[in-house]
Structures are given as C-alpha cells and as structure tokens.
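In what follows, a single structure is set out as structure tokens and then discussed.
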Amino acid sequence: MSHQIALGPVAEMPEGRGLRVEFGEHRVAVFRIGDSVYAIGDRCSHAEASLAEGEVFGLDVECPRHGSEFSLETGKPGSFPATRPVPVYEIRMEGAEAFLVFEDGEAS
C-alpha cells in the first residue's frame with residue numbers, strides 16, 4: 001500500500017539544499033533543483049552520514065563525511081568510498097504542492 005507525505009509548495013522549498021523528512025523509521029533527504037523535486041534515502045550507504053546536509057552539484061549530492069557523491073535521480077554512488085546506492089523515492093506533484101510517496105515496508 002502506498003502513502004503520501006505532504007512536503008508543501010515547491011516554491012517554498014530551499015533551492016539546491018537538502019531538507020530532511022522523517023516519518024516513522026524513515027529518513028529521507030529531499031532536494032529542490034529548479035522546479036523539480038528529488039527524494040533519496042538520507043543515510044549515506046558508506047558511513048550513514050546525513051545526505052540532506054551534503055552539498056549539491058548539478059543532480060548529485062556529496063556526502064558531508066567522506067565525499068561520496070550520489071545521484072538524486074538514481075541513488076547510485078558516483079565516487080568512492082561508497083559503492084552501494086541509496087533508496088530513491090517517488091515525488092508526486094499536485095498543482096504547486098509536492099508529496100513524498102512511499103510503500104509499506106520501504107526503508108531508508
């Protein structure tokens with residue numbers, strides 16, 4: 001079963017910076033790049049640092065602890081020391097509002 005979490009109007013989200021969203025045991029990093037919104041697991045797969053605190057370069061975010069970069073589109077690492085991807089979450093738009101979509105059993 002899928003669920004939605006309202007993230008609010010896209011125009012009010014910080015541009016090019018991460019926003020951590022927590023619900024239950026989930027921790028998700030949400031990023032607004034222009035008019036697009038991306039959501040990936042907030043824990044770096046190498047050292048569990050918060051990716052929401054990382055610096056954004058194009059469509060990649062750099063882990064603040066060891067510098068691994070993760071794609072905001074695929075969750076795949078583009079540099080070492082990380083070798084495993086992080087989860088990617090669906091963002092659903094309804095007008096100007098963004099919603100984070102997740103399935104039961106999904107974990108980040």
For Asp42: the one exception among (1) in contact with a helix residue (DSSP H, G or I) (Cβ under 7 Å, 6 or more places away or on another chain); (2) of a type in the set (D, E, K, R); (3) without any contact (Cβ under 8 Å) to a residue 40 or more places away in the chain: (3)
Some residue of region 3-25 being of a type in the set (Val, Ile, Thr) and buried (at least 20 other Cβ atoms within 10 Å of the Cβ): no
Identity of the residue in region 57-90, of a type in the set (S, T, N, Q) and within 23 Å of Val101 (Cβ to Cβ), that ends up surrounded by the fewest Cβ atoms within 10 Å (Cβ to Cβ): Thr74
Elements of type strands (runs of 3 or more DSSP E) in region 19-102, at least 3 residues being under 9 Å from the mean Cα position of the chain (by Cα): 26-33, 36-41
Residues (in contact with a strand residue (DSSP E or B) (Cβ under 6 Å, 6 or more places away or on another chain) and within 15 Å of Gly18 (Cα to Cα)) located in region 72-85: Leu72, Gly75
Region 36-56 - residue that is out of contact with any strand residue (DSSP E or B) (no Cβ under 7 Å at 6 or more places or on another chain) and surrounded by fewer than 16 Cβ atoms within 10 Å (Cβ to Cβ) and, of those, farthest from Gly16 (Cα to Cα): Ala47
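Read-outs throughout are calculated quantities, based only on the coordinates presented, and are distinct from any laboratory measurement. Since we're looking at a predicted model, the values are computed, not measured. In this analysis, Cβ positions are derived from the backbone assuming ideal geometry, glycine residues included, and neighbour counts consider all displayed protein chains.
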